[in-house]
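S.K.: Take this structure first; my questions come after.
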Amino acid sequence: MHDIDVFEYAPTADKYRLERKHRPVKQLGSHQVRVAVKAVSLNYRDHIALHNLARRQVGGRIPCSDGAGVVAEVGAGVTRWKVGDRVMGSFFATWKEGPFQMAHHQHDLGGTVDGMLGSFVTLDESALVATPGYLSDLEASTLPCAALTAYHALFVRGGLSAGQTVLCLGTGGVSVFALQFAAAAGAQVLITSSSDEKLARAIELGATHTINYRSHAEWQKVVHELTAHRGVDHVVEVGGPGTFDRSMQSVSAGGHIALIGVLTGFGPPTGSLFPLVARNIRLNGIYVGSQEMFNEMNQFLASHQLYPVIDGVFPYDQSPQAFEWLASGHHFGKVVIDLSATH
Ligand SMILES: NC(=O)c1ccc[n+]([C@@H]2O[C@H](COP(=O)([O-])OP(=O)(O)OC[C@H]3O[C@@H](n4cnc5c(N)ncnc54)[C@H](OP(=O)(O)O)[C@@H]3O)[C@@H](O)[C@H]2O)c1
């Protein structure tokens with residue numbers, strides 16, 4: 001191996017573009033592992049970075065938190081992995097267990113540090129998680145961010161139990177994983193989408209009720225009708241300021257909102273926050289999850305034989321097109337880049 005083929009964020013006047021580069025191969029540190037990346041999946045976060053929507057400096061950085069591959073080389077002091085092991089990167093390379101610490105923000109793959117969109121990546125041995133044996137690398141690449149966020153929201157912080165009701169907004173990566181997890185746990189799942197076709201796919205995955213948020217702009221009223229005016233036990237809130245008020249109106253007294261996303265922007269929510277108080281609502285901010293949660297989630301996935309839903313696989317050299325497909329919002333579930341031909 002002479003060099004490593006990567007994409008980098010290259011600055012333009014007001015955002016970034018993806019630029020293909022070759023980097024020299026560096027000798028591994030004692031506890032480092034070189035991973036031959038087989039697949040990378042995209043998250044809305046990668047769209048935010050590329051289009052500079054959060055005003056974050058990512059110039060020269062390798063994009064994407066989510067990837068899966070095979071250990072190609074290990075440093076002299078590595079004990080956890082051996083060549084040939086199948087592994088995934090961990091979104092926060094340093095968040096192993098316990099509560100979140102602000103220092104982990106300095107170690108988010110594809111943000112503050114280099115991510116997974118390259119033929120090989122070098123990571124500390126402690127920043128990797130074992131791939132579930134029954135999943136392909138394409139499937140496993142979808143787990144580190146979207147799946148773990150949904151799992152953390154529903155089970156770790158939400159305490160979801162069978163028989164409860166869950167509302168998922170839209171049919172992107174986080175929401176489709178939340179639908180699959182909640183249905184597997186025996187919950188009733190309500191899900192919204194701009195597309196009736198996507199809602200039909202959601203029913204096949206176990207959704208109990210569907211709502212088109214384009215034809216029902218006041219979708220919170222439909223949620224109330226569908227829940228005998230009680231509201232849902234959990235809302236997986238990925239919309240942000242443009243949906244938060246309706247999410248608040250959709251949740252039951254004593255219910256739970258997992259605040260996750262910014263699909264409608266980064267501004268403050270419209271409307272009063274007082275319903276949170278008056279109805280004793282639990283509000284949890286969720287930022288992906290720890291490796292301990294990741295391993296627990298992998299056991300849940302395997303025990304329920306859940307398969308990630310992939311809607312769009314692009315070859316590595318078409319990575320920019322993969323980003324465009326994600327930005328179009330036409331996908332249902334996850335968009336994946338296949339790097340298997342790069343080694
Ligand atoms: N806090 C965290 O740890 C964390 C982790 C992952 C993601 N996120 C955030 O969560 C959000 C979702 O991420 P993702 O990667 O799952 O996104 P994604 O796959 O790109 O999801 C896009 C889908 O969201 C739906 N959508 C867009 N605007 C909507 C609206 N106003 N109301 C309802 N649905 C809407 C659309 O579904 P339809 O086509 O069905 O209408 C669209 O196809 C993003 O804001 C992302 O930054 C946060």
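The values are calculated or read from the model by the stated rules, or taken from the named source; none is laboratory data. Every value quoted in this text rests on a predicted model; they were computed, and no experiment measured them. As a convention, Cβ positions derive from the backbone with ideal geometry for all residues, glycine included, and neighbour counts pool all protein chains shown.
S.K.: Residues of segment 231-272 being away from the ligand (no atom under 15 Å from the Cβ) and closer than 14 Å to residue 285 by Cβ, which ones?
M.R.: Selection gives 256 alone.
S.K.: If you don't mind, there's one more thing I want to ask. Applying the selection to segment 166-186, what residues are buried (at least 24 other Cβ atoms within 10 Å of the Cβ) and more than 14 Å from the ligand (Cβ to nearest atom)?
M.R.: Result: 166, 182.
S.K.: Condition first: more than 12 Å from the ligand (Cβ to nearest atom), touching a residue at least 60 places away in the same chain (Cβ under 8 Å) and surrounded by fewer than 20 Cβ atoms within 10 Å (Cβ to Cβ). Now tell me which residues in segment 320-343 satisfy that.
M.R.: Once the filter is applied, which keeps residues that are more than 12 Å from the ligand (Cβ to nearest atom), touching a residue at least 60 places away in the same chain (Cβ under 8 Å) and surrounded by fewer than 20 Cβ atoms within 10 Å (Cβ to Cβ), segment 320-343 yields 320, 338, 340, 342, 343.
S.K.: Out of segment 6-42, which residues are farther than 26 Å from residue 72 by Cα and either touching a residue at least 24 places away in the same chain (Cβ under 8 Å) or of a type outside the set (Gly, Ala, Ser) (or both)? Give the steps one after another, and end with the answer.
M.R.: The first filter runs over segment 6-42 and keeps only residues farther than 26 Å from residue 72 by Cα, leaving 10-17.
Scanning segment 6-42 gives 10, 11, 12, 14, 15, 16, 17.
S.K.: Can you name the residue in segment 113-140 that is touching a Leu at 6+ places or on another chain (Cβ under 9 Å) and among the hydroxyl-bearing types (Ser, Thr, Tyr) and, of all such residues, is farthest from residue 103 (Cα to Cα)?
M.R.: Among residues in segment 113-140 that are touching a Leu at 6+ places or on another chain (Cβ under 9 Å) and among the hydroxyl-bearing types (Ser, Thr, Tyr), the one farthest from residue 103 (Cα to Cα) is 134.
S.K.: Sticking with this one: Kindly indicate whether residue 267 is touching a residue at least 12 places away in the same chain (Cβ under 8 Å) and at positive phi. Give the steps one after another, and end with the answer.
M.R.: Values: touching a residue at least 12 places away in the same chain (Cβ under 8 Å): yes; at positive phi: no.
When the stated conditions are applied, residue 267 does not pass them.
S.K.: Can you find, within segment 193-226, the residue that is farthest from the ligand (Cβ to nearest atom) among those that are of a type in the set (Val, Ile, Thr) and more than 15 Å from residue 281 (Cβ to Cβ)?
M.R.: Residues of segment 193-226 of a type in the set (Val, Ile, Thr): 203, 208, 210-211, 222-223.
If we keep only those that are more than 15 Å from residue 281 (Cβ to Cβ) too, we end up with 203, 208, 210-211, 222.
Values: 203: 13, 208: 17, 210: 10, 211: 10, 222: 13 Å.
Ranking the candidates gives 208 first.
S.K.: From the residues in segment 309-319 that are surrounded by fewer than 19 Cβ atoms within 10 Å (Cβ to Cβ) and under 15 Å from residue 38 (Cβ atoms), which one is farthest from the chain's Cα centre (by Cα)?
M.R.: 315
S.K.: Do we find that residue 85 is within 29 Å of residue 15 (Cβ to Cβ) and of a type in the set (Asp, Glu) in this structure?
M.R.: On the way: within 29 Å of residue 15 (Cβ to Cβ): no; of a type in the set (Asp, Glu): yes.
Spelling it out, it is not the case that residue 85 is within 29 Å of residue 15 (Cβ to Cβ) and of a type in the set (Asp, Glu).
S.K.: Can you say whether residue 260 is free of Cβ contacts under 8 Å to residues at least 24 places away in the same chain and surrounded by 15 or more Cβ atoms within 10 Å (Cβ to Cβ), as far as the supplied structure shows? Walk me through it before giving the result.
M.R.: Numbers: free of Cβ contacts under 8 Å to residues at least 24 places away in the same chain: no; surrounded by 15 or more Cβ atoms within 10 Å (Cβ to Cβ): yes.
When the stated conditions are applied, residue 260 does not pass them.
S.K.: Residues to consider are 301, 306; find the one that is part of a loop (DSSP other than H, G, I, E, B) and either away from the ligand (no atom under 16 Å from the Cβ) or surrounded by fewer than 20 Cβ atoms within 10 Å (Cβ to Cβ) (or both).
M.R.: Values: 301 fails: part of a loop (DSSP other than H, G, I, E, B).
Answer to the selection: 306.
S.K.: If I go through segment 1-43 residue by residue, how many of them are touching a strand residue (DSSP E or B) at 6+ places or on another chain (Cβ under 7 Å), modelled with pLDDT of 95 or more and assigned to a strand (DSSP E or B)?
M.R.: Number satisfying all stated conditions: 27.
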